[in-house]
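Report on one structure; see the data block that follows.
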Amino acid sequence: MSSKTRSSGVAVTGTAPGALPLLGHAVALLRDPLRFIASLPAHGDLVSVRFGPLRAVVVCDPELAHQVITNEKVFDKTGPLWRRAREVEGEGLITTVRAEHRRQRRMVQPAFHRARMPHYAEIMNEVLAEETASWEHGQVLPVSAFTLRFTSETTARVMFTEASDPEAVAGIRVALPDLVRGVFRRMLSPTAVNRLPLPANRAFVRARQQLQDSIERLITGYRSTDEKRDDMMAVLLAAQDVENGVADAPDDEEMAAMVTGLFLAGTETTSASASWAMYLIAEHPEVQERLRLEIETVLGDRAPTYEDLIHLPYTRAVVTETLRLYPPAWVLARGTTSRTTLGGQTIPSGTNVVYSAYLVQRLAKVYPEPDSFRPERWLNASSGCPGSFLVFGEGARKCAGDTFALTQLMVVVAGLLRRWELRTVPGPRKRPRARAVLHPRHVKLQLVSRGAV
Ligand code: HEM
């Protein structure tokens, strides 16, 4: 890739400085991944980086990132990152390459139809009420543990009617945390290390097996009953991919991979966003007060229904601004399947192309004062330039659960704030932890009951 220059003097393509012999930029990336990725736009719109033997081009311009993710024929889920993801997670909807993707996507789509959201919102409210029932005025809450329980439990209940097989549903509940924790570690470790009989590897393999066994057992149970159930599993089982007039239903193995993929895609991402939202709200009392007013005016003392959410524009703006500042899927990659051009540059076949929602969503040219938490920027906002909001991706591989996730986040924010005030506890500001998902580290918040003050 040759280097060009813009009128501003900034290279359109460049190389990130500070590469070490052999390691390349791996040290800078591991030391402070967010600082490293945010430093790259200064070196061009397409910036070459190297992590050990792995070379990649990082796309630093929103419109170019948009071109990459909306052209899945050329920029597919190939390359080392996705190979590892398939090894660790299996061939689910997220990890599969384009040729297999359309079929699976058509089967999953009906489960996320807008018409199903009111029912899902009821379940979210139910789980929230149970989770908060034991909360006490003045208590300090470990936030991430709460949000992960909330999102895992919601997904489990939305997916399977508990009464269908309580033991198998319990198996999913137990397996999920170990599985979620293990995915990132295994993606970064060599395959040989993942095969060693270490406690963490054993826990992961056990959890994966338990999740798979529980899901397969549930699927068998669902297939063998005529009882009508109003859950996601029933919708998935009814789904058939009809192409050229031929119906093609998923077998049990494929169905289990799809369901596992949904759990992995949906629980940790939404949990991290809910933790960030609670933390940012606690940190900004003026935002919290405006939220409280909106929620009280619209809901009174009711829990939010799905239909209410459209009448809560400030709550939505708070959630959107949280996702802008801390996109859970902060960095993703593609591999080129043929030689192509991007931003006027020739990109050879087999190039690793990286894009980052964190990077584009912190560009001052797109979002003035990019590091400030300003929910108002989303009130009456136009949709912005292509590629400027990449939280859920774009194009054919856009997140299938985006409406579900937004509903979950709005339900948790509105549902909590009508009863509780969130306060930060003394200590340094929480820094993000950039793993597979962008988390806040060990957030604790104090709960102040609105009834008690
Ligand atoms: C705040 C929460 C969430 C965020 C930030 C998020 C983000 C994303 C992103 C960026 C992608 C695209 C990946 C890529 O292009 O390589 C994606 C895909 C996907 N997400 Fe989400 N997601 C969230 C919640 C959920 C939930 C709750 C579910 C389901 C229960 C879900 C299911 C999926 C699926 C199935 C895909 C694969 C879509 C495809 O390739 O066709 N996500 N998500």
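Along the charge dipole of the chain, which of Leu237, Ala168, Gly18 sits closest to the positive end, that is, farthest toward it, with unit charges on the beta carbon of Lys, Arg, Asp and Glu (+1, +1, -1, -1)?
Comparing the listed Cα positions along the dipole, Gly18 ranks first.
With the contact rule set at Cα under 8 Å and sequence spacing of 6 or more, what percent relative contact order holds for the chain?
24 percent.
Could you tell me whether the chain comes out rounded, prolate or oblate from its Cα gyration tensor? Rule is a ≥ b ≥ c as square roots of the eigenvalues, rounded for a/c under 1.5, then prolate if a/b exceeds b/c, otherwise oblate.
oblate
To the nearest 20 debye, what charge dipole does the stretch 94-150 have about its Cα centre, counting +1 at the Cβ of each Lys and Arg and -1 at the Cβ of each Asp and Glu?
Around 780 debye, computed over the stretch 94-150.
Cut-off under 17 Å on the C-alpha distance; same-chain residues fewer than 8 positions from Lys444 excluded. Which lysines are left, in chain and number order?
Lys430
Go through Phe150, Leu291, Leu179 and say which Cα lies farthest out towards the positive end of the charge dipole of the chain; charges sit on Cβ, +1 for Lys and Arg, -1 for Asp and Glu.
Farthest towards the positive pole: Leu179.
Using alpha-carbon pairs under 8 Å, 6+ residues apart, how would you state the relative contact order of the stretch 54-170 in percent?
It rounds to 15 percent for the stretch 54-170.
Of the listed peptides 143-152, 103-112, what is their order by residue-averaged count of other C-beta atoms within 10 Å, with the highest listed first?
Listed from highest to lowest mean packing, they are 143-152, 103-112.
Provide the gained length on full extension for the span Leu23 to Arg195, in nm with one decimal, where the gain is 0.36 nm per separating residue minus the Cα-Cα distance.
59.5 nm
Compute, for the stretch 102-220, the length of the dipole vector about the Cα centre, with Cβ point charges of +1 (Lys, Arg) and -1 (Asp, Glu) only. Units Debye, rounded to 20.
1000
Charges at C-beta only: +1 for Lys and Arg, -1 for Asp and Glu. How large is the resulting dipole of the stretch 330-427 about its Cα centre, in Debye rounded to 20?
120
How far is the Cα center of the stretch 289-336 from the Cα center of the stretch 21-70, in Å?
When both Cα centres are located, 30 Å separates them.
List the aspartates and glutamates whose alpha-carbon lies under 15 Å from that of Lys365, not counting same-chain residues fewer than 8 positions away?
Asp45, Asp61, Glu63
With a Förster radius of 51 Å, plug the Cβ-Cβ distance of Asp301 and Arg185 into 1/(1 + (r/R0)^6) and report the FRET value to the nearest 0.05.
For Asp301 and Arg185, the calculated efficiency is 0.70.
Quick one: which of 209-215, 324-330 comes out on top by average Cβ neighbours within 10 Å, and what's the full order, highest first?
324-330, 209-215
Counting helices only, and only those DSSP H runs with n ≥ 4, report the 222 nm mean residue ellipticity of the chain as the sum of -39,500 (n - 2.57) divided by its residues, in deg cm²/dmol to the nearest 500.
So the helix-based figure for the chain works out to -15000 deg cm²/dmol.
Which one of Leu280, His311, Ala133 has its Cα pushed farthest toward the positive end of the charge dipole of the stretch 61-449, where Lys and Arg give +1 and Asp and Glu give -1 at the Cβ?
So the residue we want is Leu280.
Checking the a/c ratio against 1.5 first, then a/b against b/c, what shape does the Cα gyration tensor give for the stretch 115-269?
The shape class here is oblate.
Once fully extended, how much extra length lies between Arg206 and Val174, figured as 0.36 nm per residue of separation less the alpha-carbon to alpha-carbon distance?
That works out to 10.4 nm of additional length.
Quick check on packing: order 226-232, 291-297 by the mean number of other C-beta atoms within 10 Å, highest mean leading.
Result, highest mean Cβ count within 10 Å first: 291-297, 226-232.
At what distance in angstrom do the alpha carbon centres of the stretch 72-94 and the stretch 350-387 lie from each other?
25
Which percentage, to the nearest 5, of the DSSP beta bridges contained in the stretch 332-453 is antiparallel?
100
To check you understand DSSP bridge types, tell me what percent of the beta bridges within the chain (both residues inside) are antiparallel, rounded to 5.
Looking only at bridges with both residues in the chain, the antiparallel portion is about 85 percent.
None of the figures in this text is laboratory data; all of them are computed from the coordinates on show. In this text, all values refer to a predicted model and were calculated from it rather than measured experimentally. Backbone-built Cβ (ideal geometry, glycine too); neighbour counts: all protein chains shown.
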